[in-house]
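Participant: Attaching a single structure in C-alpha cells format; questions to follow.
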Amino acid sequence: MPERPDLEYVVPILAKELRGAEITAVRVDKPVVLRVLLPAKVDELLVGRKIDRVVRRAHFVRFGLRGEPPLEIIVSPMLAGRFTIGPAEAKAPRDTAMTFVLGDGRALRYRDDVQMGKVYVLPKDALDGIPGAANIGVDVLDPKVFTPGAFVALAKARRDQAKVFLMDKSALDAMGNAYADEVLFEAGIHPKAMVRSLPASMLERLHGAIVKVLGEARATIAERKPPIDEKVRDFLKVRGRPGEPCVRCTTKLRRAGVHGHDAIFCPTCQPDGRQSGLVDWRKTGG
Ligand SMILES: [Zn+2]
C-alpha cells in the first residue's frame with residue numbers, strides 16, 4: 001500500500017496539478033471501489049465541480065470540491081491503490097477503477113489492481129463517518145506532538161506485539177507493513193516483542209527509529225522524484241527481502257507471521273526477547 005512516505009510525496013503533487021481543475025465527466029470502471037454517501041448519482045454530484053484542494057488525513061487522500069453543497073472525494077488506497085494524471089484520450093490501464101475527466105483535457109485516474117481501496121463521495125467534513133477515520137493516532141512526522149515522552153506513555157499502555165502496535169493507525173499516523181518492518185529492524189526489536197516488556201530505553205530507541213526511518217524515506221523519495229504511481233521501495237533494508245543476507249550482519253532475513261501480517265526481520269539483529277525470560281511466550285500463546 002502507499003504508506004506515509006509515499007503519500008507525503010504524492011499528495012502535494014496532486015494538490016499542485018489538480019488545483020482549480022474542473023471535473024467534466026466521471027467514469028466508474030470498477031464499481032466495487034465506489035461509495036457514494038449521498039442520495040444522488042456520482043456524476044450528478046461531481047460533474048461541473050472544481051477541485052479546490054488535495055490533502056492527506058492519515059491514510060486517506062481528500063479532494064475538496066468547490067460549490068454547494070460542499071463535497072469531498074476521499075480515497076483510501078489500501079493495499080494497491082494509486083493515482084495517475086494524464087491525457088484523458090489515452091487508453092486507460094486495465095487496473096483503472098475510476099476516471100475523473102478534467103476540463104483541460106487531462107484525466108485523474110484511480111487505479112487499484114486488487115480493488116481493495118475505496119473512493120468515497122460525501123459531504124465536506126463527513127470524513128469521520130468512514131471506517132477507520134474517526135480515530136487517527138499521533139502524527140509521527142510532527143516533532144511537536146511525537147515526542148519520546150509521548151511515545152513511551154502510549155507504548156506503556158499497550159498489550160500487543162511491537163509490529164501490531166506500530167501498524168495501529170488509531171495509535172500512530174502511520175505505518176503499514178513495510179515501514180513497520182524497517183522501523184523494527186532499525187531499532188533492533190523483534191516484531192513479536194511484547195511492547196509492555198520493552199524497557200523505556202528501548203522504547204526511546206524505537207521512537208528514534210520511527211522518526212529516522214520515515215524521515216529518511218520521505219527525503220529519499222523526494223530526491224528520486226518517481227512518477228506518482230510508482231512506489232519506490234528498493235532502498236528498504238528488510239521488507240521484500242526474506243532469505244537475503246542482513247545488510248548489517250549477513251544473517252539470512254526471516255519471515256514471521258504476526259496477527260495476520262507477515263514480518264521480515266533479522267534473527268540476529270532483532271533477537272527474540274521472549275526467549276530470554278522477559279515474557280514467557282508459552283503462556284501468552286505468542
Ligand atoms: Zn542482522
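Participant: Check region 95-102 and report whether any residue there is more than 16 Å from residue 133 (Cβ to Cβ) and either assigned to a loop (DSSP other than H, G, I, E, B) or basic (Lys, Arg) (or both).
Facilitator: Yes, some residue in region 95-102 is more than 16 Å from residue 133 (Cβ to Cβ) and either assigned to a loop (DSSP other than H, G, I, E, B) or basic (Lys, Arg) (or both).
Participant: Looking at 244, 216, 182, can you tell me which residue is open to solvent by 10 Å² or more (accessible area, probe 1.4 Å), within 22 Å of residue 137 (Cβ to Cβ) and within 16 Å of the ligand (Cβ to nearest atom)?
Facilitator: Numbers: 244 fails: within 22 Å of residue 137 (Cβ to Cβ); 216 fails: within 16 Å of the ligand (Cβ to nearest atom).
Answer to the check: 182.
Participant: Can I ask one more? From 166, 127, 141, grab the single residue that is under 30 Å from residue 32 (Cα atoms), at pLDDT 95 or above and surrounded by 13 or more Cβ atoms within 10 Å (Cβ to Cβ). Spell out how you get there, then give the answer.
Facilitator: Details: 127 fails: at pLDDT 95 or above; 141 fails: under 30 Å from residue 32 (Cα atoms).
Just one listed residue meets the conditions, 166.
Participant: Next question, about the same structure. Only one of (1) modelled with pLDDT under 95; (2) closer than 28 Å to residue 175 by Cβ is not met by residue 109, so which one is it?
Facilitator: (1)
Okay, residues lined up against (1) small (Gly, Ala, Ser); (2) at pLDDT 95 or above; (3) open to solvent by 50 Å² or more (accessible area, probe 1.4 Å); (4) under 19 Å from residue 79 (Cα atoms):
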site: 191; (1), (2), (3), (4): no, yes, no, no
site: 204; (1), (2), (3), (4): no, yes, yes, no
site: 212; (1), (2), (3), (4): no, yes, yes, no
site: 223; (1), (2), (3), (4): no, yes, yes, no
site: 256; (1), (2), (3), (4): yes, yes, no, no
site: 260; (1), (2), (3), (4): yes, no, yes, yes
site: 264; (1), (2), (3), (4): no, yes, no, yes
site: 267; (1), (2), (3), (4): no, yes, no, no
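Participant: Further question on the same structure: What is the number of the single condition among (1) away from the ligand (no atom under 16 Å from the Cβ); (2) closer than 25 Å to residue 158 by Cα; (3) surrounded by 17 or more Cβ atoms within 10 Å (Cβ to Cβ) that residue 197 does not meet?
Facilitator: That leaves (3) as the condition not met.
Participant: Read through the list (1) without any contact (Cβ under 8 Å) to a residue 40 or more places away in the chain; (2) touching a Gly at 6+ places or on another chain (Cβ under 7 Å), then give the number of the only condition that residue 154 fails.
Facilitator: Of everything listed in (1) without any contact (Cβ under 8 Å) to a residue 40 or more places away in the chain; (2) touching a Gly at 6+ places or on another chain (Cβ under 7 Å), residue 154 misses just condition (2).
Participant: Let me ask another. State which residue is nearest to residue 103 (Cα to Cα) when the search covers only region 41-60 and only residues that are open to solvent by less than 40 Å² (accessible area, probe 1.4 Å) and out of contact with any helix residue (DSSP H, G or I) (no Cβ under 6 Å at 6 or more places or on another chain).
Facilitator: Residues of region 41-60 open to solvent by less than 40 Å² (accessible area, probe 1.4 Å): 42, 45-46, 49, 51, 54, 58-60.
Now narrow it down to the ones that are out of contact with any helix residue (DSSP H, G or I) (no Cβ under 6 Å at 6 or more places or on another chain): 42, 45-46, 49, 58-60.
Numbers: 42: 17, 45: 16, 46: 13, 49: 10, 58: 29, 59: 28, 60: 25 Å.
Across region 41-60, the extreme among qualifying residues is 49.
Participant: Within region 257-266, is there a residue that is in contact with a Cys (Cβ under 6 Å, 6 or more places away or on another chain) and in a loop (DSSP other than H, G, I, E, B)?
Facilitator: yes
Participant: Then there's this: Out of everything in region 230-241 that is closer than 11 Å to residue 182 by Cα and either open to solvent by less than 30 Å² (accessible area, probe 1.4 Å) or touching a His at 6+ places or on another chain (Cβ under 7 Å) (or both), what residue ends up being farthest from the ligand (Cβ to nearest atom)?
Facilitator: 236
Participant: Pull out all pairs, ordered by first then second residue, where Cβ-Cβ is under 9 Å, the residues are six or more apart or on different chains, the first lies in region 246-267 and is at positive phi, and the second is of a type in the set (S, T, N, Q) and away from the ligand (no atom under 14 Å from the Cβ).
Facilitator: 259/161
Participant: Are any residues in region 215-232 over 17 Å from residue 174 (Cα atoms) and assigned to a loop (DSSP other than H, G, I, E, B), and if so, which ones?
Facilitator: 225, 226, 227, 228, 229, 230, 232
Participant: Oh, and also: So residue 84 passes all but one of these: (1) in contact with an Asp or Glu (Cβ under 6 Å, 6 or more places away or on another chain); (2) closer than 18 Å to residue 37 by Cβ; (3) polar (S, T, N, Q). Which condition number does it fail?
Facilitator: (2)
The values are calculated or read from the model by the stated rules, or taken from the named source; none is laboratory data. As the structure is a computational prediction, the values presented were derived from the model and not from experiment. A quick note on method: Cβ atoms are made from the backbone with ideal geometry, for glycine too, and the neighbour counts reach across all protein chains shown. Note: accessible area is taken over every heavy atom of the protein model, side chains too, but ligands, DNA and RNA are not part of it. Shrake-Rupley method; radii C 1.70, N 1.55, O 1.52, S 1.80 Å.
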